[in-house]
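The values are calculated or read from the model by the stated rules, or taken from the named source; none is laboratory data. In this text the structure is predicted, and so the values were computed from the model without any measurement. All Cβ positions, even for glycine, are placed from backbone atoms using ideal geometry, and neighbour counts span all protein chains on display. In case anyone asks, the SASA skips ligands and DNA or RNA and just uses the protein heavy atoms, side chains included. Shrake-Rupley method; radii C 1.70, N 1.55, O 1.52, S 1.80 Å.
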Amino acid sequence: MSNVVVFDHPLIQHKLSVLRDKNTSVKVFRELISEIAKLMCYEATRDLPLEEIKVETPVAVATCHRISGKKLAIVPILRAGLGMVDGMVDMMPNVKVGHIGLFRDPTTHEPVKYYYKMPADIEERDIIVVDPMLATGGSASAAISFLKDDGAKHIKLMCVIGCPEGIARIQKDHPDVNIYVAACDECLNENCYIVPGLGDAGDRIFGTK
Ligand code: PRP
Ligand code: URA
């Protein structure tokens, strides 16, 4: 069964409180999504393997540790996942970025795929799928399935806000995928929006409503 990590770090919780506010501007919303992704990335990469190296300082030889050549990729689910990419790339400048375009059908709430482009060696990479919202879990589950069809074996899911329904869906469909969220909210409403959530993440990042 996948692990669920809920980030209770004060910096993340503070930023999340501003993000949720309906009066927060598009500019601030965008900045906060990126900052939260950066902080979450720090924790979600905690298990990266290290190797020992010797480094000559001006004084002596130091025994140091560096990331041991692990190949990583981050995969945002378009559109809203794009808002999390820059913060993560700031932390991992050489990371490869794949894109999956999905939108939820407004009536059925089922994900509809419109774009898919991965690094050529995606099956060799450790992947972090990113999307601010994990609601029914349909979009994230479909995205993970597409990646597995492509040979991906090590996948994590990082979302800003999740809910019990979305988490249960990923645990059922992909028990091997660990889930990272900054909050697990109460439930979904009749339109499958997270309650209390923050509204439509894509619209708030891109100012389309
Ligand atoms: C939102 C969100 C997720 C999805 C979550 O995207 O960014 O991708 O809904 O819902 P689910 O867990 O029920 O699938 P949306 O479909 O609104 O598209 P957008 O990012 O282009 O706005
Ligand atoms: N997508 C969003 O952007 N927000 C929700 O609450 C649910 C799905």
* Quick check: anything in region 170-178 crowded, with 16+ Cβ neighbours inside 10 Å and within 18 Å of residue 29 (Cβ to Cβ)? -> no
* Structure fact -> Just one listed residue, out of 128, 161, is more than 9 Å from ligand 1 (Cβ to nearest atom), part of a strand (DSSP E or B) and touching a Pro at 6+ places or on another chain (Cβ under 8 Å), and it is 161
* Structure fact -> Reported set for region 142-174 where residues are over 15 Å from residue 4 (Cβ atoms) and either within 14 Å of ligand 2 (Cβ to nearest atom) or among the small types (Gly, Ala, Ser) (or both) is 142, 143, 145, 151, 152
* Number of the exception - residue 104 against (1) closer than 28 Å to residue 142 by Cα; (2) touching a Cys at 6+ places or on another chain (Cβ under 9 Å); (3) modelled with pLDDT of 95 or more; (4) of a type in the set (Lys, Arg) -> (3)
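Of these, 182, 142, which one is part of a strand (DSSP E or B) and open to solvent by less than 40 Å² (accessible area, probe 1.4 Å)?
Answer to the check: 182.
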* Residues of region 147-165 being more than 21 Å from residue 43 (Cα to Cα) and among the small types (Gly, Ala, Ser), which ones? -> 151, 152
* Asked: Which one of these does residue 133 not meet: (1) surrounded by fewer than 24 Cβ atoms within 10 Å (Cβ to Cβ); (2) within 13 Å of ligand 2 (Cβ to nearest atom); (3) under 25 Å from residue 11 (Cα atoms)?
  -> (1)
* How many residues are out of contact with any strand residue (DSSP E or B) (no Cβ under 9 Å at 6 or more places or on another chain), more than 11 Å from ligand 2 (Cβ to nearest atom) and within 22 Å of residue 84 (Cα to Cα) when one looks only at region 175-204? -> 0
* To do: Output the residue which, of all residues in region 185-201 that are surrounded by 21 or more Cβ atoms within 10 Å (Cβ to Cβ) and not in a loop (DSSP other than H, G, I, E, B), is farthest from ligand 1 (Cβ to nearest atom).
  => 194
* To do: With a cut-off of at least 3 residues that are touching a strand residue (DSSP E or B) at 6+ places or on another chain (Cβ under 7 Å) and open to solvent by 90 Å² or more (accessible area, probe 1.4 Å), name the strands (runs of 3 or more DSSP E) lying wholly within region 11-104.
  => 50-56, 61-67
* Structure fact -> Here the residues within region 88-113 that are within 20 Å of residue 200 (Cα to Cα) and either within 13 Å of ligand 2 (Cβ to nearest atom) or among the small types (Gly, Ala, Ser) (or both) are 101, 102, 103, 104, 105, 106, 109, 110, 111
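Please verify whether residue 133 is modelled with pLDDT of 95 or more and closer than 22 Å to residue 32 by Cα, treating the condition exactly as stated.
Against the criterion (modelled with pLDDT of 95 or more and closer than 22 Å to residue 32 by Cα), residue 133 qualifies.
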* Name the single residue, out of those in region 145-158 being outside any helix (DSSP H, G or I) and not β-branched (Val, Ile, Thr), that is nearest to residue 81 (Cα to Cα). => 158
